[in-house]
1. Assuming 0.36 nm per residue, please report the length gained on full extension of the stretch Val5 to Asp52 beyond their Cα-Cα distance.
2. Do you know the relative contact order of the chain, to the nearest whole percent, from alpha carbon pairs under 8 angstrom that are 6+ apart?
3. For Cα pairs less than 8 Å apart in space and 6+ apart in sequence, what is the mean separation divided by the residue count of the stretch 1-59, i.e. the relative contact order in percent?
4. For the chain, treating each Cα as an identical point scatterer without solvent, what Debye log10 I(q)/I(0) comes out at q = 0.13, 0.22, 0.23 1/Å?
5. Computed on alpha carbon atoms, what radius of gyration and Dmax characterise the stretch 5-73, expressed in Å?
6. If packing is taken as the average count of other Cβ atoms within 10 Å, what order do 11-18, 29-36, 43-50 fall into, highest mean first?
7. Students often forget the sequence filter, so: which aspartates and glutamates lie under 17 Å Cα-Cα from Lys64 once same-chain residues fewer than 8 apart are removed?
Amino acid sequence: QVQLVESGGGLVQPGGSLRLSCEPSITISHFSLMGWYRRAPGKGRELVATMDIHSTINYGNFVKGRFTISRDSAKNTIDLQMNSLDLDDTAKYYCYAIYGWRQEGYWGPGTQVTVAS
């Protein structure tokens, strides 16, 4: 069973930055895709950023250059650097990964990001 553990969430003021990390229970090179989604209160799940095995990156439309997804093979993590955070970025952020010949999707438990002054 693949497990994903997120870290790095917290409370930040508007304009601030946070860095999220997702560490899987297996080597990240085994995943065909890893990334981040979020769910804000009262809203549906929303793509934040994904990176596939070929390092092709896809960002949600709202990102607008503020976030950067990266893969750290030495730490075995997929990270999300978030800058210029605003109130609308308040949400629970979930790590997502696709693994195996069946291309099954796995989710982490999520980490809360709260942007407030």
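Here, each number is a calculation from the coordinates, and none is a lab measurement. Here the structure is a predicted model, which is why all the values come from computation and not from measurement. For neighbour counting, all protein chains shown are included, and Cβ atoms are generated from backbone atoms with ideal geometry for every residue, glycine included.
1. On the way: separation 47, 0.36 × 47 = 16.92 nm, distance 1.86 nm.
In short, 15.1 nm is gained.
2. Relative contact order comes out at 37 percent.
3. On the way: 69 pairs, mean separation 14.0, N = 59.
Result for the stretch 1-59 is 24 percent.
4. The computed values of log10 I(q)/I(0) come out as -0.45, -1.25, -1.35.
5. Cα radius of gyration and Dmax of the stretch 5-73 are 13.0, 36 Å respectively.
6. On the way: 11-18: 13.8, 29-36: 18.6, 43-50: 15.9.
By packing density, highest mean first, the sequence is 29-36, 43-50, 11-18.
7. Glu46, Asp86, Asp88, Asp89
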